[in-house]
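Here the structure is laid out as structure tokens; the discussion comes afterwards.
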Amino acid sequence: MSADIVLRTEGLTKEFKGFVAVKNVSLAVRRGTIHALIGPNGAGKTTCFNLLTKFLTPTAGRITYSGQDITYASPADIARMGLVRSFQISAVFPHLTSLENVRVALQRKMGNSFHFWKSERQLQSLDGKAGELLEAVGLGQYRAIPAVELPYGRKRALEIATTLALEPDMMLLDEPMAGMGHEDIERTQALIRRVAKDRTVLMVEHNMKVVANLSDTITVLARGEVLAEGSYAEVSRNPAVVQAYMGSTGHAHG
Amino acid sequence: MIAQAPAIAAIGTPRHHYAAFAVMVALAALAQGAFGIYPVFLAKVLCFALFACAFNLLIGFVGLLSFGHAAFWGSAAYASAHAAAKWGLPPELCILFAAFVAAALGAVIGGFAIRRQGIYFAMITLAFAQMIFFIALQAKFTGGEDGLQIPTNYRRIAFGFLNLRDNATLFWFVLGIFLIGFLVIYRVIHSPFGQVLKAIRENQPRAISLGYHVDRYKLVAFVLSAALAGLAGGTKVFVTGSAALTDVNWPMSGEVVLMALLGGMGTIFGPVAGAVVLITIEEFLAERAGAWVSVIQGGIFVLCVLAFRRGIVGELARLLKKPL
Ligand SMILES: Nc1ncnc2c1ncn2[C@@H]1O[C@H](COP(=O)(O)OP(=O)(O)OP(=O)(O)O)[C@@H](O)[C@H]1O
Ligand SMILES: [Mg+2]
């Protein structure tokens, strides 16, 4: 199989008490691309993410990442291998400042995270790097603000900065633009394009304009199964896809 | 914006923490020196204060509710009394041994409990604590119903020169141990490790997704908490002169929850205040109110949960707009 596939699933299946949320999904994400996973509500996109990052264990199937079988790895180990996710519901540390949020991610590689006898002053050596990351996502002036007080769009930006702090080879973004205003979307889109220059991005996104603008490849999921795959032009012409989206209720379709 | 949100403690010790610490030490010293309160009573309060601080390290800074902390306090008390009565070790070594025993027990119980969340975690810790209680009740070396007394001929000299038969000396000795334990906890909270604990408490899935093996951090925190509870329980033996079944029984686990709750969970000084209030109530109402003490405690519990969630120090911190 081609060496430039960074993440591959074969026959990935997840059953919840008889209900099959993800069914026989085979996915191949090429290194260095932006790959979008789309589909109507309840299609199984988040479940897929949870399977890929080991927050859930698959009922059947296999996952390989950079040539290693990660089907039964632990979620923390997945992150350590360079596959880092964000969450559909904004995942920040609410009562830590923006700077501290990013610093928590930087801290792990410092190797002092179990040092309960040392002063936290040690962590100040990370402030410079954390500050740079905040600048990169446009949060420079928010560094001392607790995350809980940031507007929604800024929280998502903080989340991306925190993810970037791990210098992941691959980022999984679950609806990074959900709930964002127009301006935030523009900025985040530019940000994703920028950070995707030297890494792979797999993202779930409902905003079709964003999907069209950013993605190299799109996989459409419906009722847990892969419905179509290809470029935006190919996928949007696919009658099955149109059908699936028409059939789903109340779906924003750009 | 959100004015009520707790202010974020910037890195480094804030000045008002030094002040609060000074006030706490001064009050303890004054209570013994100037107000002429019975030093043995004060020493007992300090033991419980350390116990409550150790418990609070888990509930307040990791978000884990242990309902079995009597196991650590109690088994440490037995270990300490045993080392004194059977081996004739000096007090400081008895206490050190007790802390080690509690830490080892913490590693075992924590190893089983740490993966569970919420009420399941509480139930497992409770179940283990009841097992320890059962052992204490049945085994020979614990003295069953009688408990373990420190014999009258035991040489109560700490570090070779502190005569603990003298009540004032005993008080200073216990204050010293309390302060060591308190400062250890303060450092743990304000360490690189403490920062990760905070992150786990704030958002566990996110901490995992950043590559932290959160169970390992929780286990280390659990063992630290057990060791410090053991430090307190082991010291207590030299204050009351014995280890008894009440030390390992479940109401003791409940009491430490109440102390932390009343003083303010997740605050630094709260558990100390909670212990002072509760032990004082118990001590002075025991003769006057008898069984009503439990009712009063129950009332305090209900009041805390319903109207007073932040606890004494938590409310104070809110008024002062400073984390305490
Ligand atoms: N833990 C669970 N237990 C049972 N069913 C679940 C669980 N998690 C998800 N599901 C079900 O699996 C299906 C897929 O859910 P999932 O969250 O993956 O969808 P999604 O594609 O991310 O949808 P959305 O666009 O709304 O985020 C849904 O029907 C959901 O109810
Ligand atoms: Mg989803």
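The values are calculated or read from the model by the stated rules, or taken from the named source; none is laboratory data. Everything numeric here is computed off the predicted structure, so don't read it as measured data. Virtual Cβ from ideal backbone geometry, glycine too; neighbours counted across all protein chains shown. Just so you know, the surface numbers come from the protein's heavy atoms only, side chains and all, with ligands and any DNA or RNA stripped out. Shrake-Rupley method; radii C 1.70, N 1.55, O 1.52, S 1.80 Å.
See the values below:
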{"item": "Å² of accessible area per residue within the stretch A:57-192, as computed with a 1.4 Å probe and no ligands counted", "result": "38 Å²"}
{"item": "Mean projected area in nm² (Cα convex hull; one quarter of hull surface) for the stretch A:36-87", "result": "4.0 nm²"}
{"item": "Span from the the stretch A:115-149 Cα centroid across to the the stretch B:66-125 one, whole angstrom", "result": "37 Å"}
{"item": "In the stretch B:63-167, chymotrypsin sites (Phe, Trp or Tyr not before Pro) in a DSSP loop with at most 13 other beta-carbon atoms within 10 Å", "result": "B:TRP87, B:PHE141, B:PHE159, B:PHE161"}
{"item": "Value in Å of the Kirkwood radius, where the stretch A:112-254 supplies the Cα pairs that are averaged", "result": "17.4 Å"}
{"item": "Loss of accessible area when A meets B, both sides summed, Å² nearest 100, probe 1.4 Å", "result": "3500 Å²"}
{"item": "Simple Cβ-charge dipole of the protein assembly as shown, Lys/Arg +1 and Asp/Glu -1, about Cα centre, in debye nearest 20", "result": "380 debye"}
{"item": "The stretch B:217-285: projected area of the alpha-carbon convex hull, averaged over directions, in nm²", "result": "5.3 nm²"}
{"item": "Shielding score for A:52-63, defined as the mean number of other chain Cβ atoms within 10 Å", "result": "1"}
{"item": "Debye, to nearest 20: dipole size of the stretch A:93-167, +1 on Lys, Arg Cβ, -1 on Asp, Glu Cβ", "result": "140 debye"}
{"item": "Chain A, relative contact order in percent, only Cα pairs under 8 angstrom and at least six apart counted", "result": "26 percent"}
{"item": "Peptide A:106-118 - average C-beta neighbours from other chains (10 Å radius)", "result": "6"}
{"item": "Solvent-accessible surface ranking, highest first, for A:ASP198, A:ASP169 at 1.4 angstrom", "result": "A:ASP198, A:ASP169"}
{"item": "Estimated FRET transfer efficiency (A:HIS115, A:VAL242; beta-carbon r; R0 56 Å; 0.05)", "result": "0.50"}
{"item": "FRET E, pair A:GLU10, B:PHE134, Förster distance 60 Å, beta-carbon r, rounded to 0.05", "result": "0.70"}
{"item": "Stokes-Einstein translational diffusion, chain A - Kirkwood Rh over all Cα pairs, 0.692 mPa s, 37 °C, in µm²/s", "result": "173 µm²/s"}
{"item": "Rg [Å, one decimal], Dmax [Å, integer] - the stretch B:1-147, C-alpha atoms", "result": "19.0, 62"}
{"item": "Charge sum, other residues only, whose C-beta stays under 13 Å from A:GLU120's C-beta, Lys/Arg counted +1 and Asp/Glu -1", "result": "+3"}
{"item": "Residue mean of other protein chain beta carbons inside 10 Å, A:94-100", "result": "4"}
{"item": "Distance histogram in 10 Å bins (all Cα pairs of chain B, percent per bin)", "result": "6, 27, 36, 24, 7, 1, 0"}
{"item": "Rel. contact order, % - alpha carbon contacts under 8 angstrom, at least six apart, the stretch B:38-249", "result": "46 percent"}
{"item": "Simple label model, 7 Å out from Cα along Cβ direction - B:THR246 to A:GLU225, nm", "result": "6.9 nm"}
{"item": "Alpha-carbon gyration tensor eigenvalues x 5, square-rooted, for the protein assembly as shown, Å", "result": "54, 25, 20"}
{"item": "Potential extension, A:LYS17-A:HIS182 segment - 0.36 nm per residue separation minus Cα distance", "result": "55.4 nm"}
{"item": "In order through the stretch A:21-26: 3J(HN,Hα) via Karplus (6.51 cos²θ - 1.76 cosθ + 1.60), integer Hz, x for Gly, Pro", "result": "7, 10, 10, 6, 8, 10"}
{"item": "The stretch B:174-292: radius of gyration over Cα atoms, expressed as a fraction of 2.2 N^0.38 Å", "result": "1.26"}
{"item": "Exposure of A:HIS115 as accessible area (Å², to 10), given a probe of 1.4 Å and all protein chains", "result": "40 Å²"}
{"item": "Cα-based reach from B:LYS86 at 23 Å (exclusive), listing lysines while leaving out same-chain residues under 8 positions away", "result": "B:LYS140, B:LYS236"}
{"item": "Projected area averaged over orientations for the stretch A:1-126, convex hull of C-alpha atoms, nm²", "result": "10.3 nm²"}
{"item": "Degrees, to the nearest 10: B:270-289 long Cα axis against longest axis of chain B", "result": "50 degrees"}
{"item": "With all protein chains modelled, accessible area of B:ILE150 [1.4 Å, Å²]", "result": "10 Å²"}
{"item": "Per principal axis, descending, Cα span of the stretch A:93-167 in whole Å", "result": "36, 24, 16"}
{"item": "With every protein chain in place, the stretch B:38-249: carbon and sulfur % of accessible area (1.4 Å)", "result": "67 percent"}
{"item": "For the stretch B:166-216 and the stretch A:55-99, distance of Cα centres in Å", "result": "28 Å"}
{"item": "Test item: Cα-centred dipole of chain B, Lys/Arg +1 and Asp/Glu -1 on Cβ, debye", "result": "840 debye"}
